[in-house]
1. According to a simple spin-label model (label point 7 Å from Cα along Cα-to-Cβ), what is the distance in nm between VAL174 and GLU13?
2. For PHE227, PHE55, PHE50, PHE7, write out the residues from largest to smallest accessible area, computed with a 1.4 angstrom probe and no ligands counted.
3. Using +1 at the Cβ of each Lys and Arg and -1 at the Cβ of each Asp and Glu in the range 125-284, identify which of ALA141, ASN155, LEU270 lies farthest towards the dipole's positive end.
4. Just to be sure I understand the rule: take each whole DSSP H helix in the chain, project its Cα atoms onto its long axis, keep it if the span is 27 Å or more and its mean Kyte-Doolittle hydropathy is at least -1.0. Which ones pass?
5. Which whole-number percentage describes the relative contact order of the chain, with Cα contacts under 8 Å and a sequence gap of 6 or more?
6. Please give the per residue accessible area of the range 157-284, computed with a probe of 1.4 Å over protein heavy atoms only, in Å².
7. So who's got an amide H within less than 5 Å of the one on GLY69, skipping anything under 5 residues away but keeping other chains? H placed 1.01 Å off N, in plane.
8. Carbon and sulfur together cover what percent of the accessible area of the chain at a 1.4 Å probe radius?
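The values are calculated or read from the model by the stated rules, or taken from the named source; none is laboratory data. Since this is a predicted model, take the numbers as computed values, not measurements. Note: ideal-geometry Cβ built from the backbone for every residue, glycine included; neighbour counts use all protein chains shown. With ligands, DNA and RNA removed, areas are computed over all heavy atoms of the protein, side chains included. Shrake-Rupley method; radii C 1.70, N 1.55, O 1.52, S 1.80 Å.
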Amino acid sequence: MPFGLTFADADSEFSEADAVIYGIPYDRTSTFRSGSREAPNAVRRASYNFEVEHFEHGKLPAVKMNDYGDTDDHISPEAMFDEIVFSVSPAVNNNKFTVAIGGEHSITAPIVSSYGKVSVISVDAHLDSRDEFMGSPLSHACVMRRCSEYVGTDNVFVLGVRSVSAEELDRDDVIPHISSYEIMNTGIEDAVKKALDSVGNEKVYLTIDIDGIDPAYAPGTGTLEPFGLTPMDVKKIINAVGDRLVGMDVTEISPPYDHGSVTSVLGARLIKEGLAVFSKHHLC
């Protein structure tokens, strides 16, 4: 058990925990507005806003949670990568549900590399599929390209895209995705079904870049993109993944730009939603 602030109700020892929560305060490759290194504790504080029970899910078995605390911060993305693998691998290897609170989106790649055979569904305004950005292949702008190298392009999918570069589309191995504009026209249920039907590996790791949600709902982030998904859309995504969900993260919350802590509160609630879905499908 770490010293200091922990996620609400995460008071179990690692050995008895069903789920393990990690804070990863890393934002060294942020390119517009940094500050996501402050998110883990902001989201932890926000987690105390909520009741233990979920009104819409009914009474569920309590998830025994362990808050690992924060991983060590590092300057280089390579050192960050190794630190995350070292920290997360014990939980993954013991089949515990993992929750990571970023930090920037680059934290997802080392977590996915720890899982091995898994599909990755991402909620994001950006495709994040460059080979390298500003000299680093481990930039937050490259995270889905790295994930595709670990699990295969046919095992990744991005929901809510509305910002891409020409280099990400002018290639044979474009990361499968669906735009927020199409989702607005056809509905989130259809979009997430396409994502789940597209990926091949049964187990799903869900990564939520908070900028996938419209900045009207999530202003506290580094790279805001209008015309995004709603919080209810993302709630529906989590529930649709259902019993395939083995882990998740919420990234790119930037508390210095989060007036009223609304983005941190939303991040905490999405994590609680993931834990509720895990409880419903694996503890009932």
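1. Reported label-point gap for GLU13 and VAL174 is 5.3 nm.
2. Working: PHE227 120, PHE55 200, PHE50 55, PHE7 5 Å².
Most to least solvent-accessible, the answer reads PHE55, PHE227, PHE50, PHE7.
3. Value: LEU270.
4. Length and hydropathy pass: 262-282.
5. Value for the chain: 22 percent.
6. Numbers: 4930 Å² over 128 residues.
Accessible area per residue: 39 Å².
7. Sorted by chain and number, the residues that satisfy this are GLY23.
8. 52
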